[in-house]
Amino acid sequence: MDKVSFLKHVSQLGIDKSSFSLNGPINERYCLKNSGFGWEVFYAERGHKNALVTFDSESAALSHLLNQLKNKLI
């Protein structure tokens, strides 16, 4: 999955774009960040990376982020 297909899925699911960031940490959002050693997905809150998971590929990280956002809808 790339960012274009991720955003397409987000739009189709009606997920609020203010609930995530694809460009690093923003408080109170699910975030995707390239750490230089891999791709991080986490929930940013008060300067902390909660539920941090690291992936080798952007594709895997975006798939995980999409699943996190879907689970939030349920």
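Bear in mind these aren't lab numbers, they're just calculated from the coordinates by the rules spelled out. As the structure is a prediction and not an experimental result, all values here were calculated from the model. A quick note on method: Cβ atoms are made from the backbone with ideal geometry, for glycine too, and the neighbour counts reach across all protein chains shown.
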Calc'd 3J(HN,Hα), the stretch 15-22, phi into Karplus 6.51 cos²θ - 1.76 cosθ + 1.60 (θ = phi - 60°), Hz, glycine/Pro = x, comes to 7, 5, 5, 7, 8, 8, 9, 9
Residue by residue through the stretch 63-72, what is 3J(HN,Hα) from phi via Karplus (6.51 cos²θ - 1.76 cosθ + 1.60, θ = phi - 60°)? Round to whole Hz and write x for glycine and proline. 4, 5, 4, 4, 5, 4, 5, 4, 4, 5
Amide H of K49: which non-local residues (sequence gap of 5 or more, or other chain) have their own amide H closer than 5 Å, using H built in the peptide plane? none
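How do H48, H64, H9 rank when sorted from fewest to most other Cβ atoms within 10 Å of their own Cβ?
Values: H48 11, H64 18, H9 15.
Fewest-to-most ranking of H48, H64, H9: H48, H9, H64.
What is the projected area of the convex hull of the Cα atoms of the stretch 3-73, averaged over all directions, in nm²?
Orientation-averaged projected area of the Cα hull: 4.3 nm².
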First select every other residue whose beta carbon is under 10 angstrom from the beta carbon of V41; then total the charges, Lys and Arg +1, Asp and Glu -1. +1
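Relative contact order for the chain: what percent, with Cα pairs under 8 Å and sequence separation of 6 or more? All intermediate terms of the calculation are to be shown ahead of the outcome.
Values: 115 pairs, mean separation 19.7, N = 74.
Here the relative contact order equals 27 percent.
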Amide hydrogen neighbours beyond the local backbone of F20, cut-off 5 Å, H modeled: Y30
So which aspartates and glutamates pass the test for K17, namely a Cα distance under 15 Å, with those fewer than 8 places away in the same chain ruled out? E28
Phi to ³J(HN,Hα) by Karplus 6.51 cos²θ - 1.76 cosθ + 1.60 over the stretch 46-55, Hz, x for Gly, Pro: 6, x, 10, 9, 8, 6, 5, 10, 10, 10
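Counting Lys and Arg as +1 and Asp and Glu as -1, what is the net charge of the other residues whose Cβ lies under 14 Å from the Cβ of S11? Before the final figure, lay out each step's value.
Details: positive: K3, K8, K17, K70; negative: D16.
Net charge in that neighbourhood comes out at +3.
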